[in-house]
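Read through the structure below, which is laid out as structure tokens, and then see the notes.
Rule-based calculations on the coordinates, nothing more; no lab input. Predicted model, so just to flag it, every value in this text is computed and none were measured. All Cβ positions, even for glycine, are placed from backbone atoms using ideal geometry, and neighbour counts span all protein chains on display.
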Amino acid sequence: MEKKSCDCFIGYLSGEEVNKSNISYQVESIEKIQPTFKAYGILKGEPLNKKQIVDNRRGYLRRFAFCPHCGEKLNWKSILENI
Ligand SMILES: [Zn+2]
């Protein structure tokens, strides 16, 4: 059987779908936009850094345990190390 490589769908970040290949880009976008939101009074509290954005307790990131496309168990430790 042919094994296709999968850009695993790993969860939601701030309501948007994230894949292995774009999570770091999306975390960066949030990090960049937050000071603007803060300036316009949309953001309550202080702008977050990348590590805070992916912190479970902040509620921005909803993580899947397995990729719904290929069924691979997601290695969050290694995913988050690359952010
Ligand atoms: Zn996958």
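Seen against the Cα atoms of the chain and their longest principal axis, helix 23-39 is set at about 10 degrees. Remark: spin-label model distance residue 19-residue 49 equals 3.0 nm, labels positioned 7 Å along the Cα→Cβ axis.
Average projection, convex hull of the Cα set of the chain: 5.7 square nanometres. Checking every one of the chymotrypsin sites (Phe, Trp or Tyr not before Pro) in the chain against DSSP loop status and a limit of 14 other Cβ atoms within 10 Å picks out 40. For the chain, GluC sites (Glu not before Pro) are listed when DSSP marks them as loop and at most 11 other Cβ atoms sit within 10 Å of their Cβ; the list is 2. For the chain, the relative contact order comes to 34 percent (Cα pairs under 8 Å, sequence separation of at least 6).
Dipole of the chain computed with +1 at Lys/Arg Cβ and -1 at Asp/Glu Cβ about the Cα centre; of 10, 69, 48, farthest Cα towards the positive end is 48.
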